[in-house]
Amino acid sequence: MSTPARTAILDAIRDRGPISFAEYMELALYGAGGFYEVPPVGAEGDFVTSPHVHPLFGELLGRAIAELRSELGDPAPFRIAEVGAGDGTLAIQLLGALGTDGLVYTAVERSAGARDLLAAIVGVTPRETLAETETETEGDPHLILAHELLDNLPFRRVRHTPDGPREVRIGSIGDRLVEVLVDPGTDADLARAAAGLEPGEEAVVPDGALAFVDDVAAALRRGYALVIDYGDLGSSGGGTHGYRDHRVVDDPLDMPGEGDITAGVDFSVIAHRAGAVGLTAFPVVTQHRALMALGFEEWVRSELARQVELLDERDGLGAVRAWTGRSRATLLADPASLGRFKWLLLATPGLPAPAWLETAAPEAGDPPSAGYDAP
């Protein structure tokens, strides 16, 4: 099926030969007719994120942000820049948790369709780039937030083959898109990514994610950046794949512009880049441990008590609703589900780790799922 994104990709290949996977992603996701031209998140879209699963996510994240604000000396106004704000669900939750008084909330989105949605939210100012948040009226951000952003930023791919490492580029046979393996030559980034790969294994060079870290370092004068995504330390924690209609699509070349393209984040690479550009990278923790440190268990106990009260009052429907909401919320902290996501906090030099992060950090002797290496 011909789509504007497929047409643009085929035109680029015909003009210059096989293109990098990063360029393919750029055109398929963010180009004219690309997947993110209209926000695809939510129950009626192609996938959901933690804020869509249950508003408790925004409530607990708001507690984490409030503590970061306190560590900065309670600046007024307190400026948040959420990059990749999507349909604004998380922004609405955080505004509810933090209150709008003394808060400047900027939602950064490349998608014009998303910016139109964000502009309708009271208390949110949409911008196309992070650099645009540094204006005379808005000032430098105190907190930059990126929730499920880095896995979608363009990356290149390298694969171990019997002939050595090969970059995976995208070519065409007629109108069919195909992988083309090329010698990476002297590209140092591809060589580093390929080091240690076993035959048939792949790695990614996260060009877009590394550029994001550079942008964060340029935008922050004194403040924090919180990155929440799926992945691991020392590996991507998930191969390249697509996502459409709430289902995984194994072939990322299938219907470009009609589905997501993603790979897990190697948080060690992101943390290393952060250090190289002058930021402090605190230890990575799982979402499970972060939410526990922020009061998840206490919320569950209170909801269970409320369910019992509703049953005592013979409000069966209310009790069922309380049970259903609590069940959905448990997905946020479940180590086998969204709880496996990682939280990476970055800071300008001299700022301390917040108490919730110190509580969430794995202790000596903890099993791998308790901290850095959750599956």
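Quick note: the coordinates plus some simple rules give every number you see, no bench work behind them. Please read these numbers as outputs of a predicted model, since none were measured by experiment. For neighbour counting, all protein chains shown are included, and Cβ atoms are generated from backbone atoms with ideal geometry for every residue, glycine included.
Under 10 Å, Cα contacts only: if you run a Gaussian network model on the chain, which one of Pro335, Pro75, Pro283 comes out with the highest mean-square fluctuation? Judging by the Gaussian network model, the answer is Pro75. For the pair region 112-164 / region 62-80, the C-alpha centres are spaced 20 Å from each other.
What does DSSP give for the chain in terms of the percent of beta bridges that are antiparallel, rounded to the nearest 5? Before the final figure, lay out the partial values.
Working: 34 of 55 bridges.
Counting only bridges with both partners in the chain, antiparallel ones make up about 60 percent.
How far is helix 296-312 tilted, in degrees, relative to the longest principal axis of the Cα atoms in the chain, given as a value from 0 to 90 rounded to the nearest 10? Approximately 60 degrees, to the nearest 10.
Each label point was placed 7 Å from the Cα along the Cα-to-Cβ direction; for Asp175 and Ala305 their separation is 6.3 nm.
Relative to the longest principal axis of the Cα atoms of the chain, the long axis of helix 89-98 makes an angle of roughly 30 degrees.
The distance linking region 291-327 with region 230-285 is 34 Å (Cα centroid to Cα centroid, whole angstrom).
Computed per residue of the chain from DSSP H runs no shorter than four, each worth -39500 (n - 2.57), the mean residue ellipticity at 222 nm is -10500 deg cm²/dmol.
At 10 °C and a viscosity of 1.306 mPa s, what translational diffusion coefficient does Stokes-Einstein give for region 291-333, taking Rh as the Kirkwood radius over Cα pairs? Give it in µm²/s as a whole number. Translational D for this selection: 150 µm²/s. Label sites at Asp187 and Ala131, each approximated as a point 7 angstrom past Cα along Cα to Cβ, lie 2.4 nm apart.
Once both labels are positioned 7 Å from their Cα atoms along Cα-to-Cβ, the gap between Ser70 and Val48 label points is 3.2 nm.
Considering the zone a paramagnetic label at Glu298 would reach in this model (a point 7 Å from Cα along the Cα-to-Cβ line), which residues of region 55-72 have amide N under 15 Å from it? Within reach of a label on Glu298: 59-67. Taking only the C-alpha atoms of the chain, Rg followed by Dmax gives 21.4, 72 Å.
Kirkwood hydrodynamic radius of region 122-281 from all distinct Cα pairs, in Å?
On the way: mean 1/r = 0.0571 Å⁻¹.
About 17.5 Å for region 122-281.
For Val83, Val248, the sequence from fewest to most other C-beta atoms within 10 Å is Val248, Val83.
Could you estimate the translational diffusion coefficient of region 1-157 from the Stokes-Einstein equation, with Rh from the Kirkwood formula over C-alpha pairs, at 25 °C and 0.890 mPa s, in whole µm²/s? Let's see the in-between values first.
Numbers: Rh = 16.9 Å.
Answer, rounded: 145 µm²/s.
With neighbours defined as other Cβ atoms within 10 Å of a residue's Cβ, the residues Leu304, Leu56, Leu95 order from fewest to most as Leu304, Leu95, Leu56. Fraction of C-alpha pairs exceeding 12 angstrom in region 103-163: 74 percent, rounded to a whole number.
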